[in-house]
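Asker: A single structure is presented below for examination.
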Amino acid sequence: MSTPPPVEPSLRRGRWYRPGAARRPVPRAVRQILLIVHILSAGAWVGLDVVLAVLVVTALRARDPGLVASSFQALGLVGMPLITSALLSLVTGLLLGVVTHWGLLRYWWVTIKLGITVVLVVLVLVLLRPGLDAAAAHGRRLLADPTATGDSSSLLFPPAVSGAMLVVAVALSVIKPRARVRGRRGGVRVPPPS
Ligand code: HEM
């Protein structure tokens, strides 16, 4: 009868151990602080996405010219906090993947979240930020001249797309499907954290 493969301990005396660096402890407090910042930044990102959607819908649908102009202008204020929370989610997520047994490319739910976050961060930096600056400029023009025109319908897509992707990321984070990217590694079974 063959001996069962060793099971790597995930927690010893309140410290987490990374596979491949099993002797290097990661203090529990570090992981907890990272997780708190990660959840807060991800929550802020979702909240800012909702703010974006409300401002865009108001800017495109409201009848009061003053409200339309100020909604367009307010869109310019959302870009920086949105980028900050997105980057913070990405950085803390990367660190959590590195210091916990979840890894970055070990479980599909983490790898998919990494893909979603990288794609969204690039879209925010390359497309959304300039779009929001243009919307704010349009709002300033509208204040001076309420008849000023501009095509702003494309502003609806960013909050819709990123909202849907963020819902997927949050669902994956909570469900944490156990499916692994590659089966067992080197005959050593690493138990998923509880
Ligand atoms: C779209 C952005 C993201 C959102 C909305 C998000 C959301 C969350 C939430 C709500 C949790 C807490 C789950 C729980 O404790 O039950 C979590 C945990 C976690 N996230 Fe993210 N996340 C995002 C991006 C990322 C990225 C980019 C990575 C890494 C590549 C990552 C890696 C992790 C890991 C490893 C945990 C588990 C930490 C642990 O249990 O110790 N996340 N995430």
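Read the figures in this text as sums done on the coordinates, not as results from a lab. Model, not experiment: these values are computed from the prediction. Glycine also receives a Cβ, built like all others from the backbone with ideal geometry; neighbour counts cover every protein chain displayed.
Each row is one residue, and each column tells you yes or no for (1) closer than 16 Å to V161 by Cβ; (2) within 16 Å of the ligand (Cβ to nearest atom); (3) touching a Cys at 6+ places or on another chain (Cβ under 8 Å).
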{"site": "A44", "(1), (2), (3)": "no, yes, no"}
{"site": "V56", "(1), (2), (3)": "yes, no, no"}
{"site": "R61", "(1), (2), (3)": "no, no, no"}
{"site": "P65", "(1), (2), (3)": "no, no, no"}
{"site": "S70", "(1), (2), (3)": "no, no, no"}
{"site": "S85", "(1), (2), (3)": "no, yes, no"}
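Asker: Restricting attention to region 67-104, report how many residues are of a type in the set (G, A, S) and free of Cβ contacts under 8 Å to residues at least 60 places away in the same chain.
Answerer: The number of residues fulfilling the criteria is 6.
Asker: If you go through region 155-185, how many residues are more than 16 Å from the ligand (Cβ to nearest atom) and within 22 Å of the chain's Cα centre (by Cα)?
Answerer: The total comes to 3.
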